[in-house]
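**Q** Quick one: the structure is below, questions incoming.
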Amino acid sequence: MALVPMRVLLDHAAENNYGVAAFNVNNMEQIQAIMAAAQETNSPVIVQASRGARSYTNDAYLRHLMLAAAELHPQLPIAMHQDHGNSPETCQSAIEQGFTSVMMDGSLSVDGKTPSTFEYNVEVTKKVVDMAHAKGVTVEGELGCLGGIEDGHGAGMTGAEALKHLTDPDQAAEFVAKTGVDALAVAIGTSHGAYKFTRKPTGDVLVMTVIERIHKKLPNTHLVMHGSSSVPQELLQIIREYGGEMKETYGVPVEEIQRGIKHGVRKINVDTDNRLAMTGAIRKVFATKKGEFDPRHYLGPARDAMKQVCIDRMVAFGQAGQAGKIKPKTCKEMVAFYTKGK
Ligand code: G3H
Ligand code: 13P
Ligand code: ZN
């Protein structure tokens, strides 16, 4: 099936009380892992690419890989999303590349690091909403700042600093009213990457009550959790066992994400868990089969390991079994939907 606007998937998820994982991709094996997991579990799919992923794949490889995914899995609805767009220009170029959804992350300035002002955020996000909705493309905005220093999409704040930049529920309501975004990423104490929490998080550092308060104010806005890898201890252990170095660290427990799903979270961003799974599998091959040099013999196990993480999340978030129930819409049909709302 042709790629569908992400809004179609999130609306269905909201009507049926589940969440959809959005997995980051950079290469063929990662796309194959997600699609195999979705095929096995009959799940709708959100694939997302960062700016780094787009330059790594030179856009064209990524575009054609996504077309291959749609061709090989005609019964699965798939949305292709720009993760952390840093400017309206980035979002526009994603739309030109066939993405059916874009994130304008105006919580940070164009450098993707410096926290911006509310006014700037509203201005750039509204600009993207006008441009994207005219083409039926979904828009995610972000209010509040994540912590994290690992990936260039974060203000580089420590956990304690990030806690001062949590999303304010009143401001969230104003932001959505002023911009018209379909989905809102919220800051609740998470950060990108493997090093999120130094202990299993409790409510003082992973502030799930912020989600509950925002959902009460914005019951019709799809909420998005970034930095939502769970950093499973068993994946860290495999990496350590086969020569890797991973310090003690904790992620966002799946039960907390399930709690978020009960309160309006419809999109859950997961990248790090898949990176950990692939790295562990590759390290294991290199450590146990020292003569191995056929990339298929380590990228294949890496793909299998990522597929298992995707299956686990698809089942846990409730999207498993839902793909066949979704009535797909085209971007053109979404244009009519947005025009009617005006
Ligand atoms: O937003 C963070 C994602 O994990 C993507 O990271 O910029 O290294 O591709 P990246
Ligand atoms: P993780 O680093 O927790 O996987 O978060 C990914 C993310 O939020 C991408 O936007
Ligand atoms: Zn993110």
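**Q** Suppose a student asked you for the relative contact order of the chain, using Cα pairs under 8 Å spaced at least 6 residues apart; what percent would you report?
**A** Dividing the mean separation by the residue count of the chain yields 23 percent.
**Q** Could I ask something else about it? Rounded to the nearest 500 deg cm²/dmol, what is the calculated helix-only ellipticity per residue at 222 nm for the chain, with -39500 (n - 2.57) per DSSP H run of length n ≥ 4?
**A** -14500 deg cm²/dmol
**Q** For a quick check, take a GNM of the chain with Cα springs below 10 Å and name the residue from Gln319, Gln308, Gln237 with the largest mean-square fluctuation.
**A** Result for the chain, Cα springs under 10 Å: Gln237 fluctuates most.
**Q** If the cut-off is a Cα-Cα distance under 17 Å, which lysines reach Lys329, setting aside same-chain residues fewer than 8 apart in sequence?
**A** Cross-link targets: Lys135, Lys340.
**Q** Further, regarding this structure: With the cut-off at 19 Å, tell me which of the pairs Lys178/Lys217; Lys217/Lys332; Lys164/Lys216 have Cα atoms farther apart than that.
**A** Lys217/Lys332; Lys164/Lys216
**Q** Val110 to Asn27: FRET efficiency via 1/(1 + (r/R0)^6), r the Cβ-Cβ distance, R0 25 Å, to the nearest 0.05?
**A** After rounding to 0.05, the efficiency reads 0.40.
**Q** So for segment 140-274: antiparallel DSSP bridges make up what percent, rounded to the nearest 5?
**A** That works out to approximately 10 percent antiparallel.
**Q** Taking the Cα centroid of segment 18-36 and of segment 271-342, what is the distance between the two, rounded to the nearest whole Å?
**A** 3 Å
**Q** Please compute P(r) over all alpha-carbon pairs of segment 101-197, binned at 10 Å starting from zero, and give each bin as a whole-number percent.
**A** Each 10 Å bin holds this share of Cα pairs: 18, 48, 28, 5, 0.
**Q** Right, another one. Choose one answer from Lys332, Lys113, Lys289: the residue with the largest mean-square fluctuation in a GNM of the chain with alpha-carbon springs under 10 Å.
**A** Between Lys332, Lys113, Lys289, it is Lys289 that shows the largest mean-square fluctuation.
**Q** Based on DSSP, what percent of beta bridges with both residues in segment 6-337 are antiparallel, to the nearest 5?
**A** 5 percent
**Q** P(r) for the chain, please, calculated from all Cα pair distances in 20 Å bins and given in %.
**A** Calculated P(r), rounded to whole percents: 33, 60, 7, 0.
**Q** Continuing with the same structure: For the pair Glu123 and Glu248, what calculated FRET efficiency results from E = 1/(1 + (r/R0)^6), where r is the Cβ-Cβ distance and R0 = 45 Å, to the nearest 0.05?
**A** Efficiency, from the Cβ-Cβ distance: 0.60.
**Q** Just need the relative contact order of segment 33-124 here, percent rounded to a whole number, with Cα pairs under 8 Å and 6+ apart.
**A** Computed over segment 33-124, the figure is 24 percent.
**Q** Using amide H atoms built 1.01 Å from N in the peptide plane, name the residues 5+ places from Val20, or on other chains, whose amide H lies under 5 Å from its own.
**A** Residues meeting the amide H criterion: Lys267, Ile268.
**Q** Mind telling me which of Leu184, Leu67, Leu206 comes out most flexible in a GNM of the chain, alpha-carbon contacts under 10 Å?
**A** Top of the fluctuation ranking is Leu67.
Read-outs throughout are calculated quantities, based only on the coordinates presented, and are distinct from any laboratory measurement. This one's a predicted model, so the numbers in the text were calculated from it and none came from an experiment. Note: ideal-geometry Cβ built from the backbone for every residue, glycine included; neighbour counts use all protein chains shown.
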